[in-house]
1. Kindly list the number of the only condition in (1) open to solvent by 60 Å² or more (accessible area, probe 1.4 Å); (2) touching a residue at least 12 places away in the same chain (Cβ under 8 Å) that fails for B:ALA159.
2. Out of the residues in segment B:82-91 meeting the condition of being open to solvent by 20 Å² or more (accessible area, probe 1.4 Å) and in contact (Cβ under 8 Å) with a residue 40 or more places away in the chain, tell me which one is farthest from the other protein chains (Cβ to nearest Cβ).
3. So, A:ALA100, is that one touching a residue at least 12 places away in the same chain (Cβ under 8 Å), aliphatic (A, V, I, L, M) and touching a His at 6+ places or on another chain (Cβ under 8 Å) or not?
4. Pull out all pairs, ordered by first then second residue, where Cβ-Cβ is under 8 Å, the residues are six or more apart or on different chains, the first lies in segment A:2-29 and is within 19 Å of A:VAL48 (Cα to Cα), and the second is open to solvent by 20 Å² or more (accessible area, probe 1.4 Å) and at pLDDT below 95.
5. Among the listed residues B:TRP115, B:TRP101, identify the single one that is within 13 Å of another protein chain (Cβ to nearest Cβ), closer than 23 Å to B:LEU144 by Cα and of a type in the set (A, V, I, L, M, F, W, C).
6. Among all residue pairs at least 6 apart or on different chains, which show Cβ distances below 6 Å where the first residue, located in segment B:121-148, is closer than 15 Å to B:ALA223 by Cβ and the second is basic (Lys, Arg)?
7. Restricting to segment B:21-52, give me the number of residues that are farther than 24 Å from B:TRP84 by Cα and away from chain A (no Cβ under 14 Å).
8. Looking only at segment A:72-84, which residues are crowded, with 19+ Cβ neighbours inside 10 Å and within 17 Å of B:PRO86 (Cα to Cα)?
Amino acid sequence: MGLELYLDLLSQPCRAVYIFAKKNGIPFELRTVDLRRGQHLSDAFAQVNPLQKVPVLKDGDFILTESVAILLYLARKYKVPDHWYPRDPQACARVDEYLAWQHTTLRRNCLRALWHKVMLPVFLGEPVSPEMLATTLAELDMALQVLEGKFLQDKAFLIGPHISLADLVAITELMHPVGAGCQVFKGRPKLAAWRQRVEAAVGEVLFQEAHEVILKAKDSQPADPSLKQKMLPKVLAMIQ
Amino acid sequence: MGLELYLDLLSQPCRAVYIFAKKNGVPFELRSVDVLKGQNHSDDFVQVNPLRKVPALKDGDFTLAESVAILLYLARKYKTPDHWYPQDLQARARVDEYLSWQHTALRMSCTRAMWQKMMLPVFLGQRVPPETLANTLAELDRCLQLLEDKFLKDQEFLAGPHISVADLVAVTELMHPVSAGCDIFKSRPKLAAWRWRVEAAVGEGLFREAHAVIMKAKDLPPADAAVKERLKPLVQLFL
């Protein structure tokens, strides 16, 4: 059995891994784990990842979680073009810096924006107060300011003239609130221009393909009561 | 000007960077940034890190934030022994996996535990509801269980038979609740054994030196009104 990637394109880190693997022609078996059907909670999937999360990589007997670790593993194993994770120490450090920063900032805010605006009410039937949503969107706004002001600045891509893992991880995050109907690029022409560049570098077709699911998130079928009961505490823990 | 490291040893990621640099004989100027005194907001420091956080690195004109990025930069530039960040693809992936997971898991719960048990009540005179603290300690317990079951397992160190940056990042996190009086190694003999191995591999003298500040944090005199006011945002963050 060759390389397997356990993904649900509803999830931002899964999209980054998917795009990266496809763009670089990495041969893999796609194992879809449908989060909205609770497939990540199955006994079968627990054999793959007891933490019940996606993405997961399985390469023979080697199982790896955490999208950042998966992206780096793929980059090294398949010897992808240098710009994705440059050899140059300072350029590489800039990618590392972004990948470290984003966990508790942009990722968290994009995740909360999607769940507070769409998924909690629509999928789990849990109302979210306007105050909570407003706070979440304000925090997202602050993270976007840092993304533009500290990371992007006047460069073509986050760390320099070429696309890297940092851009992939960032753009797939931003598509989460976009999927929720948030106009993250409105009033942010620099960020909008960067988004177009990333999409062009990835390839429009691949980009649209990877984002088809998230862009239809607001059409999610409500979860049945038993699934809701299982998922709600985990979701609340995930987005805290 | 050579390499400068902007650190406050009260902070877990700063301790990891400090230990790594010292252990590997990396020549650097230590620039102390006292966060409780608000020195991270000084004009000089904002030039180094506009996000006003420690640790930060300055290497000539090159500035860098984020402890994980700093550790990897130092490992590469100073060609530290392989075990810290192994060349082997799978071993390296295990280190990356830990360094990624810990941001939103162990780090968060260790920080919360230390602040809610000690810094908020003792230093800032801020009452913490018992239920809040209980939830935090329960979450910490869950993370420690994962640390043992998913990462350490029956290995000597988190990523295999040798110490790596993952162990440094983890052990410095765990010393946070330890400093607040949380007996996290009690009833966790596997984790306790690992902690002693890490301390031995780092060197007892260096380990203690790096943790002197945090271990004395409980003896800090209560903050005055001005400090309390300035640190109010932290209260919101950690409560």
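The values are calculated or read from the model by the stated rules, or taken from the named source; none is laboratory data. Values in this document were obtained by computation on a predicted structure and should not be read as measured data. Here Cβ is always computed from backbone atoms with ideal geometry, including for glycine, and neighbour counts include all displayed protein chains. All accessible areas refer to the heavy atoms of the entire protein, side chains included, with ligands and DNA or RNA removed. Shrake-Rupley method; radii C 1.70, N 1.55, O 1.52, S 1.80 Å.
1. With respect to (1) open to solvent by 60 Å² or more (accessible area, probe 1.4 Å); (2) touching a residue at least 12 places away in the same chain (Cβ under 8 Å), B:ALA159 is out only on (1).
2. Among residues in segment B:82-91 that are open to solvent by 20 Å² or more (accessible area, probe 1.4 Å) and in contact (Cβ under 8 Å) with a residue 40 or more places away in the chain, the one farthest from the other protein chains (Cβ to nearest Cβ) is B:HIS83.
3. Numbers: touching a residue at least 12 places away in the same chain (Cβ under 8 Å): no; aliphatic (A, V, I, L, M): yes; touching a His at 6+ places or on another chain (Cβ under 8 Å): yes.
So A:ALA100 does not fit the description; no.
4. Listed by first residue and then by second, the contacts come to A:PHE28/A:GLY2; A:GLU29/A:MET1; A:GLU29/A:GLY2.
5. Details: B:TRP115 fails: within 13 Å of another protein chain (Cβ to nearest Cβ).
None of the other options fit; the residue is B:TRP101.
6. Close Cβ pairs satisfying both conditions: B:LEU124/B:LYS228.
7. Of all residues in segment B:21-52, those farther than 24 Å from B:TRP84 by Cα come to B:31-52.
Now narrow it down to the ones that are away from chain A (no Cβ under 14 Å): B:31-45.
Of the residues in that region, 15 qualify.
8. A:LEU72, A:TYR73, A:LEU74, A:ALA75
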